[in-house]
Amino acid sequence: MLLIHGDRLPALSGTHYSLIDPTTGQPWETLAAAGVEDVDRAVESAESARAEWRRVNSRDRTRMLLTLATLIREHADELAHLESRNVGKPIREAADEVQLAADCFEYYAGAINKIGGQTIPVAAAGTSLTFREPIGVCGLIAPWNFPLVITAWKVAPALAMGNTLVLKPASQTPLTALRLAELALAAGIPPGVLNVIPGAGSIVGEALIRHPLVRKISFTGSTEVGTQVMRLAADDIKRVTLELGGKSANVVFADADLEKAVPKAVWSVLGNAGQDCCARSRLLLQRPIYDAFVDRLVEQFKALKLGNPLDPTTEIGTLVSFAQRDRVADYIQIGQHEGATLVCGGAAPTSPELAQGAYLYPTLFTDVRPEMRISRRRSLVRCCV
Amino acid sequence: MLCVTVFDTEEEAIAIANRSLYGLSGSIWTRDISRALRVAKAIETGVISINTGHSVHLEAPFGGVKRSGLGRELGLAVLDHYSEIKSVFIGE
């Protein structure tokens, strides 16, 4: 279903698609796939809701976002379960992320009646002041790695500043976004202020960016797609915010506290099974501690519990999809061809309970030289659009 | 997937860290506060943490430099990216 102007609707074309359970490879949920004509409906809904949303006074808007935060916490188990199942993310991480999403709505609820314009002491005789105004209809394009949290990062401040929204979640992971929009209605946020249209990035994302009534695009996803977003947005000088890929370095000097640095090095790259734009996927070790550090890393990598994401003891779940696992597996091959040393991981588990899922053991390469492709390229597959 | 690389000097570590088209996050581990701050300034990134992996905070700006992005999310910084400033002048 799509959520447009407060109603759960099928796509106008009647098209559907299936979500694939990353733990089994089997379809588990069928959803309406939005098309270009649904983008038009959703944008028109958001446009029509602008005046009403601006009329809601700052205290009432604050209260609505706080109520939404409370509803998120009241539905925490349900949201965490959906997210874990949909992304293949350990339930413990999903539960933390639901709380972070609620925190985010509380934070921006507080900003609503504290952030405004200013008066400026200009030279000319008179009074100079600024109004801080909403941009208008914003198109939000969210990723599959932290679907609810990153959606909250966009929706909460955009609503706080008085905008109305069309949200396109990643097509693989739309479930918590749809639920969030229902909770927003229950919190009193008027119909049309937050519309959600899951669908293919190449169709829905592009139509949203091209739509003349959309004044701003906020996109989180790959650098490749971010380039296209910026290019398309240029036609009508649409505002863009882009949060794209990384290949971040974790630099450990010989005087570091290794008791802390080793476990943090593990989790700064393997949190969310490594599917994090902030993952510190390059570890730079100063020579005197190199051998001892690597030994301890290997020990900790091997001790991690890979398993079903819904098992509360699981530390590493599946990757989001089989395509993503194949992509990482390709990088592992490239690393071996380039002459890096594969110290552990690099393969999928073969046990009967895990063999059907998109699992991959945490992989560690040493002897990586900075010019190697595995040191320069990201292993996150293009997502979102 | 984690790629481990060895370095000898601070300058070399900075050069390797910056040898990337991206600049989103990063961490530095050292007990030498002056070095931590020197390296934090020298690394081309939008976000960096010192002696912790915890670099993203709801209340602080988050975003990338180079090909990691444009604009900032989170903190009060994001509010400028969801609003327009209209400048008004009233003559006497």
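The values are calculated or read from the model by the stated rules, or taken from the named source; none is laboratory data. Given the structure is predicted, the values throughout are model-derived calculations rather than measurements. Note: ideal-geometry Cβ built from the backbone for every residue, glycine included; neighbour counts use all protein chains shown. Remember, those area values only see protein heavy atoms, side chains included, never the ligands or the DNA or RNA. Shrake-Rupley method; radii C 1.70, N 1.55, O 1.52, S 1.80 Å.
The table that follows gives values for the structure above.
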| read-out | value |
| --- | --- |
| Looking only at the stretch A:218-235, and only at residues there that are within 8 Å of chain B (Cβ to nearest Cβ) and either open to solvent by 20 Å² or more (accessible area, probe 1.4 Å) or in a helix (DSSP H, G or I) (or both), the one that is nearest to residue A:286 (Cα to Cα) | A:223 |
| Set A:368, A:343: member being modelled with pLDDT under 95, part of a strand (DSSP E or B) and either more than 29 Å from residue A:169 (Cα to Cα) or open to solvent by 70 Å² or more (accessible area, probe 1.4 Å) (or both) | A:343 |
| Residue in the stretch A:236-248 that is assigned to a helix (DSSP H, G or I), more than 15 Å from residue A:364 (Cβ to Cβ) and outside the structural domain of residue A:332 (by TED's automatic domain parsing) present | yes |
| Any chance residue A:214 is more than 19 Å from residue B:81 (Cβ to Cβ), of a type in the set (Val, Ile, Thr) and either more than 7 Å from every other protein chain (Cβ to nearest Cβ) or under 16 Å from the mean Cα position of the chain (by Cα) (or both) | no |
| Selected residue [closer than 15 Å to residue A:245 by Cα and facing chain A (nearest Cβ under 7 Å)] from B:71, B:23, B:46 | B:71 |
| Matching residues, the stretch B:51-64, being more than 7 Å from chain A (Cβ to nearest Cβ), touching a Leu at 6+ places or on another chain (Cβ under 8 Å) and either in a loop (DSSP other than H, G, I, E, B) or open to solvent by 20 Å² or more (accessible area, probe 1.4 Å) (or both) | B:57, B:60, B:61 |
| Total residues in the stretch B:20-43, condition loosely packed, with under 15 Cβ neighbours inside 10 Å and in a loop (DSSP other than H, G, I, E, B) | 3 |
| Residues of the stretch A:348-365 that turn out to be out of contact with any strand residue (DSSP E or B) (no Cβ under 8 Å at 6 or more places or on another chain) and either basic (Lys, Arg) or open to solvent by 50 Å² or more (accessible area, probe 1.4 Å) (or both), as a count | 4 |
| Any chance residue A:309 is in a loop (DSSP other than H, G, I, E, B), more than 9 Å from chain B (Cβ to nearest Cβ) and surrounded by 14 or more Cβ atoms within 10 Å (Cβ to Cβ) | yes |
